[in-house]
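Novice: Can you read through this structure? Questions will come right after.
The values are calculated or read from the model by the stated rules, or taken from the named source; none is laboratory data. Quick caveat, the model's predicted, so the values are computed rather than measured. Because the Cβ atoms are built from the backbone with ideal geometry, glycine has one as well, and the counts that use them run over all protein chains shown. Ligands, DNA and RNA are excluded from the accessible area calculation, which covers all protein heavy atoms including side chains. Shrake-Rupley method; radii C 1.70, N 1.55, O 1.52, S 1.80 Å.
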Amino acid sequence: MRQMGVRLLFIVSVSICLFPGDECAYAQDAAGAVQALPPIVVSGPAPSAKRGRAQNATRVARTLPRVFVYPTTPISGSGIDPDKVAATVNVVDANQIKQTGSLNVTDALQQHVPGIIVNEVAGNPFQPNVQFRGFVASPVAGTPQGLAVYQNGVRINEAFGDTVNWDLIPTTAIQSVAVVTNNPAFGLNALGGAVNVQMKNGFTYHGAEIDTMGGSFGRIQSSAQWGKQVDNFAVYGALEGLHDGGFRNFSASNVRRFYGDVGYKNDTSEFHVNMGVADNNFGAATTVPVELLQQYYGATYTTPQTSANRVGYVNLTGKVEATPSWTIDGSAHVRVFDHKTLDGNPTGTQPCAATPPALLCFGDNVNPANGLNGVQLANPLGTNAVLGENDRTTTRSTTTGVSLQATNTDQLFGHNNHLVVGASFDSSVTRFSASAELGTIGPDFVVSGSGIFLGPSGDPVSIGPVALRTTNQYTGLYALDTFDVTNAFSITAGGRFNAARIRLEDQIGSALNGNEAFNRFNPIIGGTYKITPGLTAYAGYSEANRAPTPLELGCADPKHPCIVAAFLVSDPPLKQVVSRTVEAGLRGTKELNIGTLGWKLGAFRATNTDDILAIPSPVLQGFGYFQNVGSTRRQGIEAEVTLKSSKVNLYASYALVDARFLDTLQVGSNSPFADSNGNVQILPGNRVPAIPRNRVKAGIDYSVTDAFKVGGDALFVGSQYFVGDESNQAQRLASYAVFNLHASYQINKTFQIYARADNIFDNRYATYGTFFDTGAIPNLANGGAAFTDPRSVSPARPRAFYAGLRATF
């Protein structure tokens, strides 16, 4: 049933600002530096003195040249001039996020960062995989993660599987997002880089805004935000609600989020308390066999597949200028995360051969399928029923942490120098549970539960209830120094020591006990050279590591595979992944008669040793395990050009990402080309699945008149191998291109109407592909005939239209 999670009953968007002509723009970037804003003329009396010296300074700063500080550590106070960053610089600001018309920040990241693409492995646009240079930040448990994500300096990769739930980030409240590469200061899991999200506060955002939009597939969304500064105090709050019916069966989404910040600021210090809550639920339709998709584009396979995310967090941050050259930054945080899934699946349970249909077996027709009491189950479902199971999981994590950082800007040997030293400690306790309920699969592929729950069953494959307590303790010490050898040449060097302790404690007597430790020092060295005032060259080398997660350690035995994220059975040791990255390039700007031209061209190579992949089990379809697979390499180039003027803004980018295995390896696979033992042979040079080589992006915004603006954007993504096709023998998932349009019209000084059309050519394409067991259940949508095509894909959203109205006072 489709219903609104939050009832927002109007389709009018209202913006209220403190000053005439003010567009509620913020005046600082992620590191607190003044942003470029056009000069404005304020009519009426001058602002009252009691509005505060800081507020007046913000408004005066609108006429100053742009000064941007790029974050070099999770705590934003350590930023430096981007021309001194020995890596690619990618930043998406609040205006770019707002222009997408989406409450999903990943849409703006895909549009504006050359190396990022988004795919919907979960079958839901609000639970996407974000892939940058072939490294992934995903909400799907069991996905080998490769990006660290921070919000206001706090790492938000969840403790149990390092997953990233993008739906929990309040998009309206985002001030900027920086995609940081080649920097080990961001700690564990920053193999491909880090995503640093900085939120708004009452010092950087003044005014109030309510924004509502509606359109295709029952979409209605609304957000409200308000910020105010009084003398040295400021407050900010944002509230968001969204309902989307989805274009596929059983794929409705409801999003409810709140974010707030209270701050105090004077000449030498700044303190903030920010907090957030979210309560979201999704119909995650996941992949669907191509045979079903050809019959109906909104088809699903084995439902229900739902998930629910809840989070609450409080962060305390402070910044003190101890001396003119020493600044101390610190933070403390607590985060409580709750995740529940209900996943309808085919089952390994079947009538036994010896006594059908009286008893049930698991994995084959010999090994008994037992109930929770350990007694073999009778078959109450009949001989003609198509058996399935509803797998349920619950993950509850509580994370606390502190960080402290000192920044010094004293000159060294008469040269400018920027030194940062810091330390962080995070501790997480997670309670994970899973259960499997036997059921039957109807003609619509819906699994109806029977109330019969499976106990430990099968050998070597095992299924049964799981209750696990895990403890993660992550400690980090880092130092970074940027030294100006000359006014044009700067060198950055430093490193970070990571210590990870992971403990697994079984709560019901299975083999899920373990205690692992992973330690490593990761160095960084790089330099930049300003060839001309508008041209800078950079080069750098860095290392990063990722410790195996509790989820991976609990499912790492190929002899005892498990349903990933559900039935963990053993914890043989995995090695930590180490990534070594080298990066170099050029970037520059040039003032032209038609506007400001910006461009960048870079190349990168990241080599992972002891990389971890999720391997399908050859013993039973739907099961798998995690395994170190030797070395892999991701390398490529990124190029981007932008042109900005008062009349037109345009951009175009190209990224090549070549991801390959470097070692010979035999692994289990669900590929149709697997041998009789269910294995495929990986050879050096085989491409890593699910990583397309080519990404092309372009967009334009044009002011037809002062009131009427139009624009469009395009995305092309090249072909990719299906997940499970590590030997590169099967047909690839096809490339795709998608085009979007948007427009706005300023009716008068108060009202603006806007609209957008996505996928205007109604291209039917898929962003992700894998294989499934064609014999697990019959094709119930085709009279019970057997499936013949093992491909299963995540279809993208068809053509969609959205519209709204803004009013500014």
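Novice: Within the set of pairs 6 or more residues apart or between chains, which connect a residue that is closer than 24 Å to residue 445 by Cβ inside the stretch 334-347 to a residue that is modelled with pLDDT under 95 and among the aromatic types (Phe, Trp, Tyr) with Cβ atoms less than 6 Å apart?
Specialist: Pairs found: none.
Novice: Would you call residue 172 in a helix (DSSP H, G or I), farther than 29 Å from residue 543 by Cα and in contact (Cβ under 8 Å) with a residue 60 or more places away in the chain? Give the steps one after another, and end with the answer.
Specialist: Numbers: in a helix (DSSP H, G or I): yes; farther than 29 Å from residue 543 by Cα: yes; in contact (Cβ under 8 Å) with a residue 60 or more places away in the chain: yes.
Here the answer is yes, as residue 172 does meet what is asked.
The rows are residues; the columns are (1) farther than 28 Å from residue 74 by Cα; (2) open to solvent by 60 Å² or more (accessible area, probe 1.4 Å).
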residue	(1), (2)
382	yes, no
390	yes, no
393	yes, no
476	no, no
487	no, yes
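Novice: For the stretch 617-640: of the residues being among the hydroxyl-bearing types (Ser, Thr, Tyr) and in a strand (DSSP E or B), which is modelled with the highest pLDDT?
Specialist: If we take residues in the stretch 617-640 being among the hydroxyl-bearing types (Ser, Thr, Tyr) and in a strand (DSSP E or B), then 632 is modelled with the highest pLDDT.
Novice: Look at the stretch 272-300 and say how many of its residues are open to solvent by less than 20 Å² (accessible area, probe 1.4 Å) and part of a loop (DSSP other than H, G, I, E, B).
Specialist: Looking only at that region, the number is 5.
Novice: Test residue 512 against the criterion of being open to solvent by less than 30 Å² (accessible area, probe 1.4 Å), on the phi < 0 side of the Ramachandran plot and not in a strand (DSSP E or B), and give yes or no.
Specialist: Criteria met by residue 512.
Novice: On to the next question. Taking the stated definitions as given, is residue 73 at pLDDT below 90, buried (at least 23 other Cβ atoms within 10 Å of the Cβ) and touching a helix residue (DSSP H, G or I) at 6+ places or on another chain (Cβ under 8 Å)?
Specialist: yes
Novice: So residue 160 clears everything in (1) among the aromatic types (Phe, Trp, Tyr); (2) under 25 Å from residue 405 (Cα atoms); (3) not in a strand (DSSP E or B) except one condition, right? Which one?
Specialist: (2)
Novice: Considering only residues that are over 13 Å from the mean Cα position of the chain (by Cα), of a type in the set (A, V, I, L, M) and either closer than 19 Å to residue 111 by Cβ or part of a strand (DSSP E or B) (or both), which ones fall in the stretch 179-207?
Specialist: Those that are over 13 Å from the mean Cα position of the chain (by Cα), of a type in the set (A, V, I, L, M) and either closer than 19 Å to residue 111 by Cβ or part of a strand (DSSP E or B) (or both): 180, 199.
Novice: Which of the residues belonging to the stretch 369-386 are over 18 Å from residue 354 (Cβ atoms) and part of a strand (DSSP E or B)?
Specialist: 371
Novice: Scan the stretch 786-809 residue by residue and report those that are out of contact with any Asp or Glu (no Cβ under 6 Å at 6 or more places or on another chain), small (Gly, Ala, Ser) and open to solvent by less than 40 Å² (accessible area, probe 1.4 Å).
Specialist: 792, 796, 804, 807
Novice: Next up: Is it the case that residue 141 is open to solvent by less than 10 Å² (accessible area, probe 1.4 Å) and either at pLDDT below 90 or under 14 Å from the mean Cα position of the chain (by Cα) (or both)?
Specialist: Criteria not met by residue 141.
Novice: To continue, here is another question. Mind counting the residues in the stretch 253-270 that are touching a helix residue (DSSP H, G or I) at 6+ places or on another chain (Cβ under 8 Å) and either open to solvent by 20 Å² or more (accessible area, probe 1.4 Å) or on the phi > 0 side of the Ramachandran plot (or both)?
Specialist: 1
Novice: Which condition number does residue 371 fail, the rest of (1) open to solvent by less than 30 Å² (accessible area, probe 1.4 Å); (2) in contact with a Phe, Trp or Tyr (Cβ under 9 Å, 6 or more places away or on another chain); (3) closer than 30 Å to residue 165 by Cα being met?
Specialist: Status for residue 371: all satisfied but (3).
Novice: Still on this model: Need a quick list: strands (runs of 3 or more DSSP E) entirely within the stretch 310-368 having at least 1 residues that are open to solvent by less than 30 Å² (accessible area, probe 1.4 Å) and among the polar types (S, T, N, Q).
Specialist: In the stretch 310-368, the matching strands (runs of 3 or more DSSP E) lie at 326-346, 349-351.
Novice: What is the one condition in (1) in contact with a helix residue (DSSP H, G or I) (Cβ under 9 Å, 6 or more places away or on another chain); (2) open to solvent by 20 Å² or more (accessible area, probe 1.4 Å) that residue 423 does not satisfy?
Specialist: With respect to (1) in contact with a helix residue (DSSP H, G or I) (Cβ under 9 Å, 6 or more places away or on another chain); (2) open to solvent by 20 Å² or more (accessible area, probe 1.4 Å), residue 423 is out only on (1).
Novice: Would you check if residue 704 is without any contact (Cβ under 8 Å) to a residue 60 or more places away in the chain and open to solvent by less than 60 Å² (accessible area, probe 1.4 Å)?
Specialist: no
Novice: In this structure, does residue 502 turn out to be hydrophobic (A, V, I, L, M, F, W, C), open to solvent by 60 Å² or more (accessible area, probe 1.4 Å) and closer than 18 Å to residue 431 by Cα?
Specialist: In short, no.
Novice: Give the residue, chosen from 411, 376, that is open to solvent by 10 Å² or more (accessible area, probe 1.4 Å), within 30 Å of residue 319 (Cβ to Cβ) and polar (S, T, N, Q).
Specialist: Working: 376 fails: within 30 Å of residue 319 (Cβ to Cβ).
Only one candidate passes the filter, namely 411.
Novice: Return only the number of the condition from (1) at pLDDT 85 or above; (2) open to solvent by less than 40 Å² (accessible area, probe 1.4 Å) that residue 463 does not satisfy.
Specialist: The one condition residue 463 does not meet is (1).
Novice: In addition: For the condition touching a residue at least 60 places away in the same chain (Cβ under 8 Å), within 29 Å of residue 404 (Cα to Cα), outside any helix (DSSP H, G or I) and open to solvent by less than 10 Å² (accessible area, probe 1.4 Å), what is the one hit in 124, 90?
Specialist: Among 124, 90, only 90 is touching a residue at least 60 places away in the same chain (Cβ under 8 Å), within 29 Å of residue 404 (Cα to Cα), outside any helix (DSSP H, G or I) and open to solvent by less than 10 Å² (accessible area, probe 1.4 Å).
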